[in-house]
1. Report the residue count in the stretch 71-93 for those that are assigned to a helix (DSSP H, G or I) and either touching a residue at least 12 places away in the same chain (Cβ under 8 Å) or surrounded by 11 or more Cβ atoms within 10 Å (Cβ to Cβ) (or both).
2. So LYS9 ticks every box in (1) open to solvent by 90 Å² or more (accessible area, probe 1.4 Å); (2) without any contact (Cβ under 8 Å) to a residue 60 or more places away in the chain but one. Which box is left unticked?
3. For the stretch 34-51, how many residues are open to solvent by 40 Å² or more (accessible area, probe 1.4 Å) and out of contact with any helix residue (DSSP H, G or I) (no Cβ under 6 Å at 6 or more places or on another chain)?
4. Can you pull out every residue in the stretch 56-95 that is more than 14 Å from ILE37 (Cβ to Cβ) and touching a helix residue (DSSP H, G or I) at 6+ places or on another chain (Cβ under 6 Å)?
Amino acid sequence: MQNKLKYAKILNNICNYYGIDEEKFIELLKNRDNKYILLLILKNNHWLEINEIKDIFNLKTSKSINNSLRLAEEKLLANRFFREKYFELESNIEGNGMTNP
């Protein structure tokens, strides 16, 4: 139950950041960069639960999540625009006091 609350808080924060409602959030995740950023934020804040992520993204295996995380980490290192977008969103989340102690 507590993990679901964590996900709800982070997803609500992302919706607020982009100025969208929860229905448009799914459309936001269709963009691969946005999906990668979400995975990195969840991982870096120790909120990444593989079973929960499989449910959210309707995935059948953990391997696809691990591959997406690997690609996201590579993109974070190689792409300046992606890196700026990630750190801006992460900073916004920290500013709202949503990170784990």
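1. 16
2. Every condition holds for LYS9 apart from (2).
3. Summing the residues that are open to solvent by 40 Å² or more (accessible area, probe 1.4 Å) and out of contact with any helix residue (DSSP H, G or I) (no Cβ under 6 Å at 6 or more places or on another chain) in the stretch 34-51 gives 4.
4. SER62, ILE65
The values are calculated or read from the model by the stated rules, or taken from the named source; none is laboratory data. Keep in mind that what you see is a predicted model, and the values were worked out from it rather than measured. Every residue, glycine as well, gets a Cβ built from its backbone with ideal geometry; the counts of neighbours run over all protein chains shown. The area values use the complete protein model at the heavy-atom level, side chains included, leaving out ligands, DNA and RNA. Shrake-Rupley method; radii C 1.70, N 1.55, O 1.52, S 1.80 Å.
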